[in-house]
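Just so you know, all these numbers are worked out from the coordinates, no wet-lab data involved. Remember, predicted model here, so these are calculated numbers, not experimental data. Positions of Cβ are generated from backbone atoms using ideal geometry, with glycine treated the same way; all protein chains shown enter the neighbour counts.
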Amino acid sequence: MAGITDRPFRSLCYHMGAGMAVSEMLSSNPQVWKTDKSRLRMVHSDEPGVRSVQIAGSDPDEMAAAAKINVDNGAQIIDINMGCPAKKVNRKLAGSALLRYPELVEKILSAVVNAVDVPVTLKIRTGWSPEERNCVEIAQLAERCGIQALTIHGRTRACLFNGEAEYDNIRTVKQTVAIPIIANGDITDPLKARAVLEYTGADALMIGRAAQGRPWIFREIQHYLETGELLSPMPLGEVQRLMSEHIRELHDFYGQGKGVRIARKHVSWYLKEHAPGDQFRRTFNAIEDASEQLEALEAYFENFCVNKEKS
Ligand SMILES: Cc1cc2nc3c(=O)[nH]c(=O)nc-3n(C[C@H](O)[C@H](O)[C@H](O)COP(=O)(O)O)c2cc1C
């Protein structure tokens, strides 16, 4: 996820039980690779799990070249983005806009698969719009081109993130092709995870937003699928430890200025459950210094525990 699954967050997800954590989307246009944003997206050092790098673009040769360069840089899987609904991306005919042009999709997939000797996977939505829902056609085409696994977000591009994800089309795709299918969209807890797996027959699940501020969701789902029992809630001390470690890694990875800014959104996600009020968040967001951020968090948790003991 762009802006979220950076190297520190991917590492955390792996430690919390994720089977795979895909990089943020990287444009296939080499001209933008020199920017800080792209440069950091290409960092995979010390990554604990499989290094899957997602690329986005619309020119088959450029996509093939981007895939090759990323494999040379350590990617073990290349994932192709045909799900992004952002106008900025779609205007260049990349992301989900490609779903309207199956012939171009075929050219891109073939070019990338032929360019690298690592598995190539694909991420799509169910179509451009409810009237142009062609995920079955795209899945068949992907299978023919040598795509090794397909993730489907159960919404069309026109749906953006509105309404609820549906799983009927994911189920139909699963019944149509033999490649592994990964179901995605609105999976927020272990019970829903099992229900989606059973309903769609998918081989795996992808979790996006529900991992923000709750990366231990992977462990919770895995445990439930294996035992049928729910793990007890993560102890507060553990949440604090994990969050502080995450924030420290963000400071190290991005440097003080950017690290402090990026830490804010993660802290706000972490504290959703524990600090429903806005006051601490406002105070925290005004802090410009990395060590002050960590001290504020420590003080916050100390207070929180004292108040809890009193009540
Ligand atoms: C902020 C944000 C950034 C995202 N960036 C990407 C991306 O770079 N590549 C991608 O394939 N999907 C991206 N997605 C889509 C998610 O991977 C996922 O398909 C979608 O959020 C639905 O799953 P969820 O309900 O589990 O979040 C992004 C989603 C969000 C909210």
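So here's what we get for this one:
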item	result
Helix 135-145 axis, angle to the chain major axis (alpha carbon atoms, nearest 10°)	70
Distant alpha-carbon pairs in the chain (separation over 33 angstrom), percent	28
For the chain, built as a Gaussian network whose Cα springs stay under 10 Å, the top-fluctuating residue of ARG144, ARG248, ARG41	ARG144
The stretch 1-148 - Rg and Dmax from Cα coordinates, angstrom	14.6, 45
Spin-label pair GLU103/VAL136, simplified geometry with 7 Å Cα→Cβ offset, distance in nm	2.4
Cα-based helix-to-principal-axis angle, 290-310 vs the chain, degrees rounded to 10	60
Normalised contact order of the stretch 119-252, rounded percent, pairs of Cα under 8 Å and 6 or more residues apart	18
Sites ASP72 and GLN256, calculated FRET efficiency, Cβ-Cβ separation with R0 41 Å, nearest 0.05	0.85
Rounded FRET efficiency, nearest 0.05, which uses the C-beta distance separating ARG144 from LEU191 and R0 of 41 Å	0.70
Sum of -39500 (n - 2.57) over DSSP H runs of 4+, divided by residues of the chain (222 nm, nearest 500)	-15000 deg cm²/dmol
Choice from GLN175, GLN279, GLN240 showing the highest fluctuation, given a GNM over the chain with Cα pairs closer than 10 Å	GLN279
The stretch 220-270 - Debye-derived log10 I(q)/I(0), Cα point model, q = 0.14, 0.21, 0.22, 0.33 Å⁻¹	-0.50, -0.76, -0.78, -1.12
Compactness relative to 2.2 N^0.38 Å, alpha carbon Rg of the stretch 127-249	1.22
Acute angle (nearest 10 degrees) that the helix 60-72 long axis makes with the longest principal axis of the chain, alpha-carbon atoms	50
FRET efficiency, 1/(1 + (r/R0)^6) with R0 35 Å, evaluated for ARG219 and THR283 via beta carbons	0.70
Relative contact order computed over the stretch 49-207 (Cα-Cα under 8 Å; 6+ residues apart), in percent	18
Full-stretch length increase - LYS37, LEU160 - with 0.36 nm per residue and alpha-carbon distance subtracted	41.9 nm
Chain lengthening between LYS92 and TYR199 when straightened (0.36 nm per residue, less Cα-Cα)	35.0 nm
